There are 2 protein chains.
Amino acid sequence: MKQFAEQYKLELLENVLPFWMKNSPDETYGGYFTCLERDGAVYDTDKFMWLQGRQVWLFSMLFDKVAPREEWRKLAEQGAAFMEKYGRDAAGNWYFSLTREGQPLTQPYNIFSDCFAAMGFGALYKIQPEQRYYDIAKDTFNNILERRNNPKGAYNKAFPGTRELKNFALPMILCNLSLELEHILGSETVNRFIPEVLHEVMDVFYQPDKGLILENVNADGSFSDSFEGRLINPGHTIEAMWFIMDLAVRLNRPELAEQAVAIALRTLEYGWDQEHGGIFYFMDVQGHPVQQLEWDQKLWWVHMETLVCLAKGYQITGNEACKTWFEKVHAYTWAHFKDQEHGEWFGYLTRQGQPLLSLKGGKWKGCFHVPRALYQVWQTLEKIAQLEPIAS
Amino acid sequence: MKQFAEQYKLELLENVLPFWMKNSPDETYGGYFTCLERDGAVYDTDKFMWLQGRQVWLFSMLFDKVAPREEWRKLAEQGAAFMEKYGRDAAGNWYFSLTREGQPLTQPYNIFSDCFAAMGFGALYKIQPEQRYYDIAKDTFNNILERRNNPKGAYNKAFPGTRELKNFALPMILCNLSLELEHILGSETVNRFIPEVLHEVMDVFYQPDKGLILENVNADGSFSDSFEGRLINPGHTIEAMWFIMDLAVRLNRPELAEQAVAIALRTLEYGWDQEHGGIFYFMDVQGHPVQQLEWDQKLWWVHMETLVCLAKGYQITGNEACKTWFEKVHAYTWAHFKDQEHGEWFGYLTRQGQPLLSLKGGKWKGCFHVPRALYQVWQTLEKIAQLEPIAS
């Protein structure tokens, strides 16, 4: 475990971070380029608020948790300055994307832009306690709460009343976001908030008969026999389970951590590709054809989040299956996603495990899952190396 | 050629049509199921107006052009009855999808639902000249023209004024739709209309320096260096080129047919997968990573439309490269898309040519491209077998 911890730490500090620090800052207009080729060359200059917010968060978090390096703080601040200046409409909603110069390109149809903006400004406030960072994080969080029952707003194409589905992604993100923003929201608010999102994830979206989490359920929580209702996203579930484990630690509820581990392991067995290795991107709970043509591809974030989940699961519960699976997923992930020639990791692999796209960053992949997971696994494995599991 | 003609005819009449006639009609609520498994079993009952309209068109067209079989007319009428009853909102826009029973599910955000509804009711009017079919086709066409400068309407997520792109799909479909609706719109209207859509396709979207058609250009026709602006969809271009050949015949302009053939052949060379065979789904004109994770997959409609284009190109211009390519694409398509065990053809293959999904129909694949292409190739090759090329 000590060796693994060292490997994740080195990869973070000496490969992945230097790649983003060198290639992503836009020195002319501010903010970050995220559309980076295999060697770091910028191939598109659009700026996606979702990814800008995540990068602000990442460098603020590193400054806070790893080392107070001035270059990290500066990088976080320069992204935040661009976001603050150009990122929101008059009502405080975050645009989905801007041009390189900061002109709005895509309307604020996507509430996850707001989630990651709040997360970024919240983390920045921790290392640079300026009132305006606090205000942006808090206002954005409140706006998310206001919008959360109809997150797509005017861009929602569902005809009202016929099949009102609710989606797993927002309650899942809110599990994590509420902890990330505790210093902004206050512990009392977070304490009131947690039971609600926990209930959504573990009672509403989790299906005990199947041992799986559905991506979409009817408004009343029942199963919707439709493309959306049958959808399983194993990576999403597994990522959510480490958010739940963090909540279990926060709440001192070991049985909740055990439950999260059980769901993660069940999902991993369900989603593992027996033929080629790796975890499928999308599945249909009834085994029907899915809508998503990319269903069989292997995505970086799915595998990175799984490593975090298994490391935490092992550290918190001592479940040996977490260790066995960690070694298996670790072997697959490092063999297939890590680029042996250039910095950062590939994002999208074919089912067979070959790179499908050469990019290191794009519209959906930025400076987030790879470094966050390397950090989380490093920290978690170091704890294991130092201590016995807290439960066994 | 005579042998090929017979092969396409038999496949249409004895394999593909029986599959849809047996499995797709919803005898209880009307309309068609299109989500059909490999063996024809219904796996989802939602009804997509786009695919309903296409199926009404197909069976009406067959009745008109192949044989006046009562079962074909009935099948067309039963789909139209469902569409007429449930398919539109109060303003006459066609919903994207309905439940099995006819409740609206997805708002009319997609103008191609309207295009295929107009096409379906127009064809049905030809074989069953009832005033209401005429009215629906005509009203829908006029509505498309009104909406065409902002086809997504309120669902358009682009921020106004920053990067106003126009998309190739609508002018392309209008090339075909205007001819399909000539008996409704009148020849004078169509004559006025054709030059405008021809200009869009051949002058605005076609890039003479590259010999390729872009999927999106700036409002002024210039190149947009963005994910959308760099996008090439080889199948779309090649399909459009047979629409242009039909217009060339209608206008008696052999040089236009020659130009369409040249663009189709250039696109085919550009889009052909040298390693595994077949035609890529999406490409970036500058060779950058594309957004679409399904970019390397081989789609049924791309290959079917290419066969139509090459057959017509050979018949109309006598260009021998069309014949050579036809034989090559024919060999690939029949070897990989045709299901040797069950009716209809697979829709989605991996880059290597294996079925990616077992479905024969879904949200986007219905009773349209396979039978239309089989019909078109059959008819075209029969003409070649009977006649010399009209130009050489």
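Readers should treat all values here as calculations from the given coordinates under stated rules, not as data from a laboratory. None of these values were measured; they are calculated from a predicted model. Every residue, glycine among them, receives a Cβ derived from its backbone with ideal geometry; neighbour counts consider all protein chains shown.
Descriptive notes on the structure:
- Compactness of region B:261-392 is given as radius of gyration and Dmax, 15.3, 47 Å, from Cα positions.
- Each label was represented as a point 7 Å from its Cα along the Cα-to-Cβ direction; for residue B:65 and residue B:131 these points are 3.0 nm apart.
- Ordered by the number of other Cβ atoms lying within 10 Å of each residue's own Cβ, fewest first, A:139, A:44 fall into the sequence A:139, A:44.
- Computed log₁₀ I(q)/I(0) - Debye formula, equal Cα scatterers, no solvent, chain B, q 0.06, 0.11, 0.12 Å⁻¹: -0.21, -0.78, -0.96
- The charge dipole of region A:132-243, taken about its Cα centre with unit charges on the Cβ atoms of Lys, Arg (+1), Asp and Glu (-1) only, comes to about 340 debye.
- Over chain B, Cα pairs under 8 Å with separation of 6+ residues give a relative contact order of 19 percent.
- Candidate cross-link partners of residue A:328 among the aspartates and glutamates, defined by an alpha-carbon separation under 16 Å and a same-chain spacing of 8 or more, comprise A:269, A:273, A:275, A:305, A:320.
- Computed about its Cα centre, the charge dipole of region B:183-227 is approximately 140 debye, with only Lys, Arg, Asp and Glu carrying charge at their Cβ.
- Extents of region A:241-288, taken as max minus min of Cα coordinates on every principal axis and listed largest first, are 39, 21, 14 Å.
- Label geometry 7 Å along the beta-carbon vector: residue B:199 inter-copy distances in nm: 6.2
- When residue A:218 is represented by a point 7 angstrom out along its Cα-to-C-beta vector, the spacings to that point in the other copies are 5.1 nm, nearest first.
- Distance between the 7 Å Cα→Cβ label points at residue A:7 and residue A:28: 4.2 nm.
- When chain A is treated as a GNM with alpha-carbon contacts under 10 Å, the residue of A:368, A:159, A:282 showing the greatest mean-square fluctuation is A:159.
- Value of Rg to Rh for region A:1-128, rounded to two decimals, is 1.00; Kirkwood radius and Rg both from alpha-carbon coordinates.
- Residue among A:201, A:129, A:216 farthest towards the positive dipole end of region A:81-223, charges placed on Cβ: A:216
- Region A:323-383: GluC sites (Glu not before Pro) falling in loop per DSSP and having at most 12 other Cβ within 10 Å: A:341
- Net charge dipole, the protein assembly as shown: roughly 320 debye, given to the nearest 20, about the Cα centre with Cβ charges of +1 for Lys and Arg and -1 for Asp and Glu.
- All lysines inside 18 Å of residue B:152 as judged from Cα atoms, apart from same-chain residues fewer than 8 positions distant: A:152, A:157, B:166
- Over region A:144-295, all Cα pairs binned in 5 Å intervals from 0 give whole-percent P(r) values of 2, 9, 17, 21, 19, 15, 10, 5, 1, 0, listed from short to long.
- Each of residue A:187 and residue B:276 was given a label point 7 Å from its Cα along the Cα-to-Cβ line. The distance between the two points is 5.5 nm.
- Computed over region A:15-83, the ratio Rg/Rh where both radii use C-alpha atoms and Rh is Kirkwood: 0.94
- Region A:94-206, Cα convex hull volume normalised per residue, Å³: 116 Å³
- Considering only B:126, B:365, B:65, the mean-square fluctuation computed in a Gaussian network model of chain B, springs between alpha carbons under 10 angstrom, is largest for B:65.
- Selection of GluC sites (Glu not before Pro), region A:15-92, meeting DSSP coil and at most 12 other Cβ within 10 Å: A:27
- Start at zero, step by 10 Å, and the Cα-Cα distances of the protein assembly as shown spread as 3, 13, 22, 25, 19, 12, 6, 2, 0 percent across the bins.
- Across the identical copies, how the residue B:253 labels are spaced - nm, sorted shortest first, 7 Å along Cα→Cβ: 7.0
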